[in-house]
Amino acid sequence: MIRFLCFVLVFLLSVGASASEHARVISPTRIISPGAESTALTIYPDNLALITETRSIKLPAGKSTIVFEGVSDRMVPASILLREFSGLTLERNFDYALLSKANLFEKSIGEYVTLTRTHKDTGKISRNRAKIISSGTGTVFEIDGKLSAYQCSGLSEGTRFDNLPEGLTGVAELSIDVSTKKAGTQEIVISYLADNFSWAADYRLDLATDNKSGNLAAWITMNNNTSRSFNNTPTAIIAGRLNRSGQTRAPTIRTKSLRANCWPDQSTQTPVALPKYLYSEQTCWDGSFAYSEENCPPQIYMESMSDKNVRDEVVVTGTRIRRASFSANAPVAQSVEQEDLGDYKLYRISEPINVAAYQTKQIRFFNVADVKVKKLYTVEVFLDQLSYNYDDEEQGNLSSTQTEFRLDNNKDGPLAKPLPKGSIRIFQKNAAGKRLITGQSSVRDTPIGIEMKAKPGASNLVQVYTNVTRSAVKQGNKKSYKVRLSLAHTISNATDQPALVEFKLPVTLKSLKFDQKSHKMDPRVLPNGWTILVPANSMQTLKYRASYIQG
C-alpha cells in the first residue's frame, strides 16, 4: 500500500513538473520597446494623423510579445500596420490603464497606505497606516482593526501610496504577439492612425489704401490634443477632404469616478452616496518612495460646499506623471514645401519640428506682396420669397449687402498657389495710419486659377431697398402657377469710394426669364445676375421683370 502511494505521488509530481515546464515554454517572452528611435508625423485636416515609428528591437527565436511603450493614447487600433518585420504577427492589444485616483484605489486593494486627516478648525493632524479593504462604489479602510469609510470622517483627508500599482500607467502601450524563426535585432517600422490631431491655414490680408491690392501672409496652424509629444519629428500635412469611415476613431477611455459612500450617523444602514465632496482629499507620491511634509502638505480649507472650491490632487511615489500644459508657441522659422499626392496636396515642413503634448504650433507657409484684390458687395435675391403685393413703396424690404474680397490666384499672378481651407483676417489702415482688423472669414480649398473668396460679413453702409412694383399670378396646370414680378432694387452707397454691387438670382424656379431690364446682365455672375457700380455717396436703381412657373 505504501509503495502504491509513493508511486502515485511520484506520478503526480512528474505531471505537475511537466505541466509547469510546458507553461513556461509556451508563455511568450515580453520584449519592452520604451520608445521610437525616429518618428514621422502626417496630419490630415479632419481630426486625424498618421504616425510612423521606427524602433530597433532585439527578438528571441520563437514566440514573444513586443510591448511598444509611448504610442499615442489616441491610437486607432484597427489601423496598426507592422512593416519591415521578418516573422509572423499573431495577436495585437492596445492597453491604456489610465493613472487616476479611482484606479489607484481599485488596484491597491489589500495594500497599505498612509492616511492623513486634518481637522479644518483646529489644524490637528493625525496619520495612520490604513489597509484598503474595498473600493468601487465606496472605499473602505481598515485602521487598527476598525473599518473607516473614505471621506466620511468629517475631516480633510490625504492618502499617500507607497508605490505605483502594477498595470497602471500614464503611457499608452501596444503589445503585439509575434513569432520569429531567427533571433537577432530587427529594425521594425510601425504605422497607425490617431485622432485629436488637426491643422488649418491661417491667412492675413493687409489691404492697400485703395482696396485693390494687398499683402497676403499665411501660416500653418497645427493642433496636437494628445498626451504625446513629438521631438525633432519630420512632419507633413495633407490638404483636401478625406473620405473616412465613422469607425476610424480612437476607442473611448472612460475615466472611473471615486465617490464617498457614508453611513448616516455612522450606523450600518444602507450607504448613502454624497452628491458633493464635502471634504478635500489629496493623494500623494513624491517620486522617491519617501514621504515628507513638503511633498504632500496637509490641506485645510473647504469652508464652502461649492464644487468650485474643492481641490483634488493626485501625487504618487515611484513615478511622476505630468500633463503638459497647453501653450501656443510663437511662429517658428521653418518653411513649407508643396508636393502632389494623388488628388490631394501634401505640404512638407522643410525641417523636423517639435510638437509638445496639448500644443498649438504655427509654421510659416508663405508671404506674397502685391496680390490683386477686388472688393465688392453681394446680394442674393430669392424671388419666391418676395411678397406679391408691394404696391406701396414703404412696404419694401431694406437689407444689407455682404462684403466680399476676391484675391487673384491666376497662374500668371504673384500668388499662383493651391490654397488650403482655413480662416483669413483682413487688416486696413485707419486715418492715423494704424492697421486695424476689419473682418474675419473662413475660406475654402482654392485651386490655382480660382479666386480666393473672403466674406467678412454684412455692410451697413451699402444697402439695398427691394420693392415689388407689380405682380401677376395666373393659374397654370392643376399644380402650378405662372408668376410675373416687376422689381426695383435701389442701392445706396454711403462710403467714400465707388461700390461694386453684385446681384445673384439662384436658379430655384422653373422657366425663369427676365425682360424690361434697366441694366445689362453680367454673364460672369452665374447663374443669373448683374454687376452695378454705384458712385461714392450715391444711389443706383436696378429694375427688371421676372417670369417663372411656381409649383
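Assuming LEU461 fulfils every condition listed in (1) free of Cβ contacts under 8 Å to residues at least 24 places away in the same chain; (2) of a type outside the set (Val, Ile, Thr); (3) assigned to a strand (DSSP E or B) apart from one, which condition is it?
(1)
Scan region 172-226 residue by residue and report those that are farther than 19 Å from LYS455 by Cα, among the aliphatic types (A, V, I, L, M) and buried (at least 18 other Cβ atoms within 10 Å of the Cβ).
Those that are farther than 19 Å from LYS455 by Cα, among the aliphatic types (A, V, I, L, M) and buried (at least 18 other Cβ atoms within 10 Å of the Cβ): ALA172, LEU174, ILE176, VAL178, ILE188, ILE190, LEU193, ALA194, ILE220, MET222.
With the requirement that a residue be within 30 Å of GLU69 (Cα to Cα) and out of contact with any Lys or Arg (no Cβ under 8 Å at 6 or more places or on another chain), what does region 133-169 give you?
SER135, GLY136, THR159, ARG160, PHE161, ASP162, ASN163, LEU164, THR169
List pairs: first residue in region 16-44 and within 15 Å of VAL71 (Cα to Cα) and loosely packed, with under 12 Cβ neighbours inside 10 Å, second residue at pLDDT below 90 and not charged (D, E, K, R) anywhere in the structure, Cβ distance under 7 angstrom, at least six positions apart or on different chains.
Close Cβ pairs satisfying both conditions: PRO34/GLY70.
Which of the numbered conditions does VAL473 fail, given that it passes all the others? Conditions: (1) at pLDDT 90 or above; (2) among the aliphatic types (A, V, I, L, M); (3) in a strand (DSSP E or B).
Of (1) at pLDDT 90 or above; (2) among the aliphatic types (A, V, I, L, M); (3) in a strand (DSSP E or B), only one is false for VAL473: (1).
The values are calculated or read from the model by the stated rules, or taken from the named source; none is laboratory data. Just so it is clear, the model here is predicted, and its values are computed rather than measured. Neighbour counts run over all protein chains shown; Cβ positions are idealised from the backbone, glycine included.
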